[in-house]
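Below you'll find the structure, written out as structure tokens, and then a few comments.
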């Protein structure tokens, strides 16, 4: 009976958390942290521990969110938050108090502040990792995509990584006047200084 209650509670909580994010557009972040405080705050129970389902859902979501934040912190600032120091009673009370004072906001705002205020652990540059071996998209999504994509096409036979070519073409495009009618490939022939600067920035030549 107890398991059935927990399951029903979890399903209900997850359903409104998922419903808080539009399905019409791609999303960057999802989960119970994006539920409204008016909905989640009332279900939290400080002191109830992980046996109280809403507490558990919030805590495990926070662990994942902080872990994801650590990838950014490591690569940007060469430090991180000790995830083992993130405790359920602290998170539950933090979000409970925040939501009580801000029913119109979302729990993620409280967790973002928690991340900003948390003591960071020093790391080494060698600790920074990119397990996904991120590659830049080959299709630009700005108003200048026509010129950038043409530049990428013009350099498709060059023996360099596609992301380097894209970075170079984007750099060159940014240096060109908005009224320029020549392609990047044509323009670079008469703008040696700009070409060399973008070569260095992209790590090409």
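Hey, which of the helices (runs of 4 or more DSSP H) in region 36-116, taking only ones fully inside, have at least 3 residues that are in contact with a strand residue (DSSP E or B) (Cβ under 8 Å, 6 or more places away or on another chain)?
53-77
When you go through (1) touching a residue at least 40 places away in the same chain (Cβ under 8 Å); (2) within 30 Å of residue 149 (Cα to Cα) one by one for residue 36, which number turns out not to apply?
The one condition residue 36 does not meet is (2).
Could you list, in sequence order, the residues of region 175-199 that are modelled with pLDDT under 90 and loosely packed, with under 13 Cβ neighbours inside 10 Å?
Passing the criteria: 177, 178, 179, 181.
Could you check residue 118 against (1) touching a residue at least 24 places away in the same chain (Cβ under 8 Å); (2) under 18 Å from residue 31 (Cβ atoms) and say which number it fails?
With (1) touching a residue at least 24 places away in the same chain (Cβ under 8 Å); (2) under 18 Å from residue 31 (Cβ atoms) applied to residue 118, the lone miss is (2).
The values are calculated or read from the model by the stated rules, or taken from the named source; none is laboratory data. Please read all numbers here as calculations on a predicted model, not as lab measurements. Neighbour counts run over all protein chains shown; Cβ positions are idealised from the backbone, glycine included.
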